[in-house]
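The values are calculated or read from the model by the stated rules, or taken from the named source; none is laboratory data. Note that the structure is a prediction, hence the values are computed from the model and not measured. Reconstructed Cβ throughout: ideal geometry from the backbone, glycine too, with neighbour counts over all protein chains shown.
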Amino acid sequence: MCSRTRIIGIRRTTAPFAFAQLLASLAPPAAAAADAVDAAQVRRALQRGVRAIKREQLPDGSWPARHHQGGETALATLALLQAGEPVDSPAVRAGLGYLRRVPDAYTYVVSLKILVFTQADPKRFRNEIQAAANWLVNAQHSSGLWHYTDTPTTFDHSNSQFALLALHAAANSGAKVPAAVWSKARRAVLASQNRDGGWSYRQAGESYGSMTAANVANLYILGAAPATSQERGFRGGAAPNCGEYRSNRPLTHGLNWLGRHFAVDQNPLRGGQYLYYWLYGLERCGILSGRRYFGTHDWYRAGAAFLVRAQNADGSWGRGLVDSAFAVLFLAKGRKPLLIQKLEWSNDEAWTPDRHDVENLVAYIGDKLGESTAWQVVNLDAPLEEWLAAPLLYLQGHRFPDLSERQRGKLREFVEKGGTLLAEACCGRDEFRRGFESFITRTFPDQPLRALDAGHPLYSAHFDLPPAGLMGVDVGCRTSVIYSPNDLSCLWEQTDVPRLSEPAFQLGTNIAAFAVGRQALRDRLDVLKLPQSDAADAGPPPGGALRLAQVVYAGDWAPDAQALVHFAEFLRDQAQLDVITGYRPVPLDADDLYTCPVLYLTGHYAFRLSDRERAALAAHLRRGGFLLADACCGRAAFDESFRALIAEAFPGERFERVPADHPLFRGEPGYRVERVGYKPALLAELPELDRPELWGLWLEGRLALVYSPHALGCGLDGHKCFNCRGLLDDDARRLAANIVLYTLTH
């Protein structure tokens, strides 16, 4: 049942509905207790850290050398680049110039030079990268690892970590690294692991944090090398030996060690020694593994909170430059926003027959979507909020998982709340296809699986591509489920299958771009809180609170299932209205329509109400009800139908554009929204558009209906819609709030 509302504050007695009270103030509610760390704190810490590093740079472009010539300079330059300092900034440009003059002589320095050059411009510095990689290849000890110089008599895991990080980056940028380098290093790393799963500085000794992190990262790097996977080539739409990998039990033991001994305020089992170096190693493990947690610990959030607290007054950390550089690297690289999460749907390895597919795809995408991004693994039983931390959830396998009703419902809720599900039949397996089709039939009974033809925006989201056999399910106003019956992951895994891997990477980039929808990604530290939707049919709201109602008609009446839920939460939390989040779907010919003061009508397509529905709507508005309507995604077909509806239901009545000086835009009451932002798809057609466009229907001098030909609902819902022709989310919410507040008070 819909109800009248109570708005806290000023009384009003002349409204068409007997609203009890009026809002006293539109100030936002008091902020909740702050989390341990937030994105703004990290940004400030990074800015101060960057300034502290820059202050120590010498006139020749170097930083003071306390160990080996060029080492501190390379580390400082790398930190600046990772923090977002432009390559052509004075500090970075001078640092690069100095490093080009530094001879290849020490493992740390040579490795850091490679990391800097590959980060700055791998094409420009390809000769320097290859030369440095050659030096590291020649410096490999007979054990398979590295020490300080190119004539080692022993090895250590610290130098080896940097050598392998550098060779990995060099190989990814096109440098040639012999396969034997990887196999020798892998054998050495495995042979030196302690029985507790950790590593020490050399062969013998007690395990501790920084060396264990170094070698867990090494195993991920070595696992990405061709020698680890048994997959070879691609024939008949599948990769021979797909899913066959060498045992990763040592890696599991190493990860378990990190979970058991996790700490951010000390180097596990070494106390304060090399603390910031440990955090750098921890970040490498988190990024390379795609893990959010070690054990039960959110490694980035915990580390960022510690570093924000531990920063010195001058912006540095620890003992100065080296510690500051490691801190900046942790904060900058670890906070990359998530683009894709891979769904861990089984306890064995059935969920990931291709273990490096997403890693390689995200590396290929780079900053093509406007910023560097990250990926991680998320468990099937993780809270929905964690699934929604990234716009794209990736589910693959040779078979489709046997999901419970609850799990299927959770996947549906994920896409209804704005996520995009990408499902891929690895090797084109029929077992996956049959399971997926059954899943769609049971989970989305009203939304059929359809082929995405050449005109679908996915194929032009970044690259212009021909159709590639993708299928999809439209949930609301966007294709929210994308399905590839043909293999993509093996082509991402191997990276270099002739004539096939490159188109597969381009298609993966387009899928990601489509899921992002031209919008900024959520900050890694944002805490997503889902609205708690009250039951819409649980009787009258307590105390006469407002319940919004959405008009049900024969057509696409609910393209954004969560729009009114999110909007009600905004009204409750930001405008302090007494409103509940559960809305009522209501037919216009319902006997109790009169109990619904505020109706919402939207859709994509052409529609026509019956004579009975039109008459009921007209009667409802004439006796004091109110209708808010918008064309979802700014669709012309809905716009034409809606204007025809008004002409038929209200012949001769005043339906015209709301003047720019109307209180709706001045926020009387509400927010000033005289200028608004629009989404890219609409600005591409109307680049000068910066003012709201609303149309109103006046009945006996009262504004009884407000209509937006540009989408409000997509912004109210907050999802990422690639082709939405509507207002930006915040402006849509504020403008819609003004409309509701106006009708409740006038």
Suppose the filter is touching a strand residue (DSSP E or B) at 6+ places or on another chain (Cβ under 7 Å) and in the same structural domain as residue 565 (by TED's automatic domain parsing); does residue 673 pass it? no
Among the candidates 324, 316, which residue alone is assigned to a loop (DSSP other than H, G, I, E, B), among the small types (Gly, Ala, Ser), in contact with an Asp or Glu (Cβ under 9 Å, 6 or more places away or on another chain) and farther than 30 Å from residue 243 by Cβ? 316
Scan region 447-465 residue by residue and report those that are without any contact (Cβ under 8 Å) to a residue 40 or more places away in the chain and either closer than 15 Å to residue 488 by Cβ or among the aliphatic types (A, V, I, L, M) (or both). 449, 451, 452, 454
What about residue 706, is it in contact with a Leu (Cβ under 7 Å, 6 or more places away or on another chain) and closer than 21 Å to residue 597 by Cβ? yes
Output the residues belonging to region 328-346 that are under 15 Å from residue 361 (Cα atoms) and β-branched (Val, Ile, Thr). 340
Can you find, within region 241-272, the residue that is surrounded by the fewest Cβ atoms within 10 Å (Cβ to Cβ) among those that are modelled with pLDDT under 90 and not in a helix (DSSP H, G or I)? 247
Kindly provide the set of residues from region 682-708 that are closer than 19 Å to residue 636 by Cβ, out of contact with any Lys or Arg (no Cβ under 9 Å at 6 or more places or on another chain) and buried (at least 20 other Cβ atoms within 10 Å of the Cβ), ordered by number. 708
Considering (1) in contact (Cβ under 8 Å) with a residue 40 or more places away in the chain; (2) under 28 Å from the mean Cα position of the chain (by Cα); (3) over 18 Å from residue 569 (Cβ atoms), say which one residue 684 fails and leave the rest. (1)
Search region 287-310 for residues that are in contact (Cβ under 8 Å) with a residue 24 or more places away in the chain and pair each with any residue that is among the acidic types (Asp, Glu) and part of a strand (DSSP E or B) when their beta-carbon atoms are under 7 Å apart and the residues are at least 6 apart or on different chains. 292/298
Residue list for region 172-187, restricted to those being surrounded by fewer than 22 Cβ atoms within 10 Å (Cβ to Cβ) and part of a helix (DSSP H, G or I): 172, 179, 180, 181, 183, 184, 187
Residue hits (region 283-313; outside any strand (DSSP E or B) and acidic (Asp, Glu)) are 283
Sole residue being of a type in the set (S, T, N, Q), buried (at least 16 other Cβ atoms within 10 Å of the Cβ) and closer than 24 Å to residue 406 by Cβ, chosen from 489, 480: 480
Can you tell me how many residues within region 450-508 are among the small types (Gly, Ala, Ser) and over 22 Å from the mean Cα position of the chain (by Cα)? 6
Considering 183, 160, which residue is modelled with pLDDT under 95 and more than 29 Å from the chain's Cα centre (by Cα)? 183
Scanning region 691-724 for residues that are over 18 Å from residue 675 (Cβ atoms) and under 23 Å from the mean Cα position of the chain (by Cα) gives 713, 714, 716, 717, 718, 719, 720, 721, 722, 723, 724
Mind telling me which of the residues 278, 257, 199 ends up being in contact with a helix residue (DSSP H, G or I) (Cβ under 7 Å, 6 or more places away or on another chain) and free of Cβ contacts under 8 Å to residues at least 60 places away in the same chain? 199
Given the structure, is residue 355 under 20 Å from the mean Cα position of the chain (by Cα) and either buried (at least 17 other Cβ atoms within 10 Å of the Cβ) or not hydroxyl-bearing (Ser, Thr, Tyr) (or both)? no
Which condition from (1) in contact with a helix residue (DSSP H, G or I) (Cβ under 9 Å, 6 or more places away or on another chain); (2) modelled with pLDDT of 95 or more is the one that residue 67 breaks? (2)
For region 75-91, check the following and say yes or no: at least one residue is surrounded by 15 or more Cβ atoms within 10 Å (Cβ to Cβ), over 35 Å from the mean Cα position of the chain (by Cα), modelled with pLDDT of 95 or more and part of a helix (DSSP H, G or I). no
Could you check how many residues of region 558-585 are over 29 Å from the mean Cα position of the chain (by Cα) and surrounded by 22 or more Cβ atoms within 10 Å (Cβ to Cβ)? 2
Quick check on region 652-663. Is at least one of its residues under 24 Å from residue 557 (Cβ atoms), aliphatic (A, V, I, L, M) and surrounded by 14 or more Cβ atoms within 10 Å (Cβ to Cβ)? no
What are the pairs with Cβ atoms under 6 angstrom where one residue, in region 628-647, is in the same structural domain as residue 548 (by TED's automatic domain parsing) and the other, located anywhere, is charged (D, E, K, R) and part of a helix (DSSP H, G or I)? Sequence gap at least six, or different chains. 631/639
Do you know which of the residues in region 275-305 that are closer than 19 Å to residue 53 by Cβ and not small (Gly, Ala, Ser) is nearest to the chain's Cα centre (by Cα)? 283
Looking at this structure, is residue 555 on the phi > 0 side of the Ramachandran plot, in a loop (DSSP other than H, G, I, E, B), in the same structural domain as residue 706 (by TED's automatic domain parsing) and surrounded by fewer than 20 Cβ atoms within 10 Å (Cβ to Cβ)? yes
Take the residues in region 430-475 that are in a helix (DSSP H, G or I) and under 22 Å from residue 723 (Cα atoms); name whichever of them is modelled with the highest pLDDT. 459
Extreme residue, modelled with the lowest pLDDT, among residues of region 396-429 that are of a type in the set (A, V, I, L, M) and either buried (at least 23 other Cβ atoms within 10 Å of the Cβ) or farther than 20 Å from residue 348 by Cα (or both): 415
Taking region 401-439, which residues are farther than 27 Å from residue 242 by Cβ and either touching a Ser or Thr at 6+ places or on another chain (Cβ under 6 Å) or of a type in the set (Val, Ile, Thr) (or both)? 412, 415
